[in-house]
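The values are calculated or read from the model by the stated rules, or taken from the named source; none is laboratory data. On a predicted model such as this, the values are computed, not experimentally measured, just so you know. Cβ coordinates were reconstructed from backbone atoms using ideal geometry, including for glycine residues, and neighbour counts include every protein chain displayed. Accessible surface areas use protein heavy atoms only, side chains included; no ligands, DNA or RNA. Shrake-Rupley method; radii C 1.70, N 1.55, O 1.52, S 1.80 Å.
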Amino acid sequence: MIEIDIVKKLHGVEKDMLLKVDIQIEDESFIAISGVSGSGKTTLLRILAGLETAEGYIKVDGEVWLDTHSFKPIQQREIGFVFQDYALFPNMTVEEHLLFVQKDKKLALELLEMTGLDALAKRKPFTLSGGQQQRVNLCRAMMRRPKVLLMDEPLSALDIAMRLKLQNEIKALHERFKTTTLMVSHDPSEIYHMAKRVIVLKSGKIVDDGMPKEVLLKTSGSAKFSFEGRIIDIVQADVIYIAIIAIGQQLTEIVVTPEEIQDMTIGQKVSISTKAFSPLVQYHYRTN
Amino acid sequence: MIEVLQHLDLTPFVLSFKLALFTTIILFLLSVPLAWYLSQTDSEIKPFLEAMTALPLVLPPSVLGFYILISLSTQSPIGAFFEEIFDIKLLFSFTGLVLASCIYSLPFMVQPIQGGFETLHRPMLEASYIAGKSRFETLLRVALPNIKPALLTGIIITFAHTVGEFGVILMVGGSIPHETKVASVAIYEMVEMMDYTAAHIYSALMVLMSFLVLLGVYVFNAKQTAKIGRFHR
């Protein structure tokens, strides 16, 4: 059980804010931390790791890691940390990264086999792909048999196919070692696929906390689909108007009435939602 | 010309290289911890320490030499201490030259190494702490092996700079043959005595050796950067 009740003043890009987190985390759980950038997600992980300090307390299995009188040094906290940009040691081979943490050859071999790195054990990091480097980062974090595994957007630098592969490997590692895990992620499908609980931070405060199904599937009203988009153009076609709206990378044409365009301007942010229809799900041929 | 070459006294060169070697070894051992501290600290005394370290870069050698001269003399506490405890006279001796060179060449060792440490990706060091390693072990096993080009630059520049030292040496060591008369001082004296042939030979040797050493450093660094450069920010 991890008990966290901390406050820390953060100097944001626009204004200062207060990171205020009060949560309890069950053993062996897999938790995603979500929220827009600058909401304090990474800082929370760094405070847990001991890389930064804060007011309040952190207790792990009844042992105090942080309170007003004490601060357990980073080296003595049994944690694993998966950095977003790998943070590997250029002077060490894959195998040396793992044995640097702990001289446990059996565990190292098991981790390398689980992540398919065993054939690359003697390679230096600069000869590896992004996905392979992130696996080394992950294995290195697991070598201490940590009580808590902290992952800071571990998959955000990878392409979709690699992301899915690594999601499954992380899940397999979690099932094998039962390490309590906190993962910062922006990707709803990733959170849904991996986490049992999701905590949403906004400007340093927890604004949502629950099962991914409850938190992620919430949409306003009774709409079945809801997308955020931006109006690119509005063109007239006979008696109706067509709004060209960009949803992410995709442009769509939406029919709007003359009354509706009264309140619309080009460049405006809008939400597009629909209900009461049966959508078609088609298999997408993978090109890669 | 051939006669001059036959009678060429190489002792000043040997002395120059001995001085440079001792200075480089001592400064390397002192500068690694200092540079590591400077690169990692946010302390308020950092700018003060950095300014102190860089001072020999901007001071005229005569100013530096003058103060070293005064502080090493037997009338000063430092000079008296060395004379009483170790029975070593620092002024106009080789030991005194090594001490003066260490002060004079300090920034040439500290600055490249500090620069090297500062380019290291911070999460990489944090990963080592999280792996349970102390600051000292992180320095030895993670930081130092990944700044080899900076270490080599520091070593070579310090060595070369000490070989090329003139003003401070003349003030602190004078020109005692086989003790403090190094190559740069010997050349100065040759020119003063209008012995241009010997001065030419000595000078040409200095130019050639210095160029080859620097060339070696740049070739090595180019290779290292090509190899692991993309891991540094």
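Just want to confirm a number: the relative contact order over region B:1-122, from Cα pairs under 8 angstrom separated by 6+ residues, in percent.
Over region B:1-122, the number comes to 38 percent.
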Return the FRET efficiency for the residue pair B:L55, B:L30: r is the Cβ-Cβ distance, R0 is 22 Å, and the value is rounded to the nearest 0.05.
0.90
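With each run of n ≥ 4 DSSP H residues scored as -39500 (n - 2.57), what mean residue ellipticity at 222 nm is computed for chain A after dividing by its residue count and rounding to the nearest 500 deg cm²/dmol?
-7500 deg cm²/dmol
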Point-to-point label distance, B:L140-A:K269, nm (Cα→Cβ direction, 7 Å offset)
5.4
Mind running the shape call on region A:1-144? Use the C-alpha gyration tensor, a ≥ b ≥ c as the square roots of the eigenvalues: rounded below 1.5 for a/c, prolate if a/b tops b/c, oblate otherwise.
prolate
Between B:T119 and B:A222, what FRET efficiency comes out of the Förster formula 1/(1 + (r/R0)^6) with R0 = 25 Å and r the beta carbon distance, rounded to 0.05?
0.95
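Determine the share of region B:2-231's accessible area contributed by carbon and sulfur atoms, expressed in whole percent, with a 1.4 angstrom probe.
71
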When only C-alpha pairs under 8 Å and at least 6 residues apart count, what is the relative contact order of chain A, in percent?
19
Averaging over every viewing direction, what projected area does the convex hull of the Cα atoms of region B:1-60 cover, in nm²?
6.5
Within the set B:I157, B:I45, B:I113, GNM on chain B using Cα springs under 10 Å gives the largest fluctuation to B:I45
Compare the Cα positions of A:I79, A:V94, A:Y192 along the charge dipole of chain A (+1 at Cβ of Lys, Arg; -1 at Cβ of Asp, Glu; about the Cα centre) and return the one farthest towards the positive end.
A:V94
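Indicate the gyration tensor shape class of region B:1-138 (rounded, prolate or oblate), computed on the Cα atoms with a ≥ b ≥ c the square roots of the eigenvalues: a/c under 1.5 is rounded; otherwise a/b larger than b/c is prolate and the rest oblate. Spell out each step's value before the answer.
Numbers: a/c = 2.36, a/b = 1.66, b/c = 1.42.
Note, shape of region B:1-138 comes out prolate.
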Considering only C-alpha atoms, what is the centroid distance from region B:25-71 to region A:232-280, in Å?
67
What do you get for the angle between helix A:130-142 and the principal long axis of chain A? Use alpha-carbon atoms, 0 to 90 degrees, nearest ten.
50
Let me know the Rg and Dmax you get for region B:2-231 when you use only its Cα atoms, in Å.
20.3, 67
Hey, what did region B:2-231 get for relative contact order, percent, Cα under 8 Å, at least 6 apart?
29
Pseudo-spin-label distance A:I247 to A:E63, built 7 Å along Cα→Cβ, given in nm, is 5.0
Report the extension gain between B:L208 and B:Y188 in nm, rounded to one decimal, defined as 0.36 nm multiplied by the number of residues separating them, less their alpha carbon distance.
5.4 nm
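Average projected area of the Cα convex hull of chain A, in nm²? Numbers along the way, then the final one.
Values: hull surface 77.7 nm².
Result: 19.4 nm².
What FRET efficiency, computed as 1/(1 + (r/R0)^6) with R0 = 41 Å and r the Cβ-Cβ distance, is obtained for B:I176 and A:A121, rounded to the nearest 0.05? Let's see the in-between values first.
Details: r = 60 Å, r/R0 = 1.47.
My answer for the efficiency is 0.10.
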Among B:P56, B:P107, B:P123, determine the one that fluctuates most according to a GNM of chain B built with springs between C-alpha atoms less than 10 Å apart.
B:P123
Acute angle (nearest 10 degrees) that the helix B:183-192 long axis makes with the longest principal axis of chain B, alpha-carbon atoms:
40
Excluding ligands, DNA and RNA, what is the accessible area buried between chains A and B, summed over both sides, using a 1.4 Å probe, to the nearest 100 Å²?
2000
Given the Cα-Cα distance of A:E175 and A:S156 and 0.36 nm per residue of separation, how much length would full extension add, in nm?
4.6 nm
Whole-Å distance, taken between Cα centres, linking region A:131-201 and region B:82-129:
45
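Could you state the per residue volume, in Å³, of the convex hull enclosing the Cα atoms of the protein assembly as shown?
Values: hull volume 139.1 nm³, N = 521.
Cα convex hull per residue, to the nearest whole number: 267 Å³.
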In debye to the nearest 20, the charge dipole size for the protein assembly as shown, taken about the Cα centre with +1 at each Lys and Arg Cβ and -1 at each Asp and Glu Cβ, equals 1380
When chain A is treated as a Gaussian network with springs between alpha carbons less than 10 Å apart, the largest mean-square fluctuation among A:G204, A:G130, A:G62 is found at A:G62
Residue separation between A:V239 and A:L99 times 0.36 nm, minus their alpha-carbon distance, gives in nm 43.2 nm
